[in-house]
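Q: Have a look at the structure that comes next, please.
The values are calculated or read from the model by the stated rules, or taken from the named source; none is laboratory data. Just so you know, these numbers come straight off a predicted model, no measurement behind them. Counting neighbours? That spans all protein chains shown, and the Cβs are built from the backbone with ideal geometry, glycine included. Remember, those area values only see protein heavy atoms, side chains included, never the ligands or the DNA or RNA. Shrake-Rupley method; radii C 1.70, N 1.55, O 1.52, S 1.80 Å.
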Amino acid sequence: DDDADLCVDSGYHGNLVDVIVAQEAQRYGIAPPKLPALLRRGLAYLRSQRHRLRIVASRSMTFTVSDEADDPAAPHVDIWECWGLADEDAEVRWASYDFGPKIP
């Protein structure tokens with residue numbers, strides 16, 4: 001496919017979900033949850049660039065940053081969870097801790 005793929009530490013899963021919840025709250029005109037300053041800054045940046053973060057559920061959960069129009073032909077970034085990024089000696093696993101491919 002023609003998207004960009006980004007591997008982020010699985011420890012950021014909750015932060016990504018929090019940003020999505022705040023986006024949806026704003027979209028529906030309800031009070032967003034309290035977010036730390038860094039997440040509020042990221043949310044503001046996405047809004048200023050007319051992009052949004054969303055969850056794509058398939059065989060493994062992926063987060064995607066795309067334009068607000070959600071045009072499937074438009075460029076986007078898929079954010080995959082990875083395990084082992086914090087440990088220099090660990091094998092990095094992509095997309096699934098138990099079943100994901102190992103990245104050298």
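Q: I'm checking my understanding of the structure. Among residues of the stretch 1-17 that are open to solvent by 50 Å² or more (accessible area, probe 1.4 Å) and assigned to a loop (DSSP other than H, G, I, E, B), which one is nearest to D67 (Cα to Cα)?
A: Ranking the qualifying residues of the stretch 1-17, first place goes to D2.
Q: Can I ask one more? Go through the stretch 55-87 and count every residue that is under 15 Å from V8 (Cα atoms), out of contact with any Ser or Thr (no Cβ under 7 Å at 6 or more places or on another chain) and either surrounded by 15 or more Cβ atoms within 10 Å (Cβ to Cβ) or charged (D, E, K, R) (or both).
A: So the count comes out to 8.
Q: Suppose we keep only residues that are among the hydrophobic types (A, V, I, L, M, F, W, C) and at pLDDT below 80 within the stretch 54-70. Which one would you say is nearest to L6 (Cα to Cα)?
A: M61
Q: Of the numbered conditions (1) out of contact with any helix residue (DSSP H, G or I) (no Cβ under 8 Å at 6 or more places or on another chain); (2) assigned to a strand (DSSP E or B); (3) within 22 Å of Q26 (Cα to Cα), I55 satisfies every one except a single condition; which is it?
A: The one condition I55 does not meet is (1).
Q: Is it true that I20 is in contact with a strand residue (DSSP E or B) (Cβ under 8 Å, 6 or more places away or on another chain), of a type in the set (A, V, I, L, M), in contact (Cβ under 8 Å) with a residue 12 or more places away in the chain and open to solvent by 40 Å² or more (accessible area, probe 1.4 Å)?
A: no
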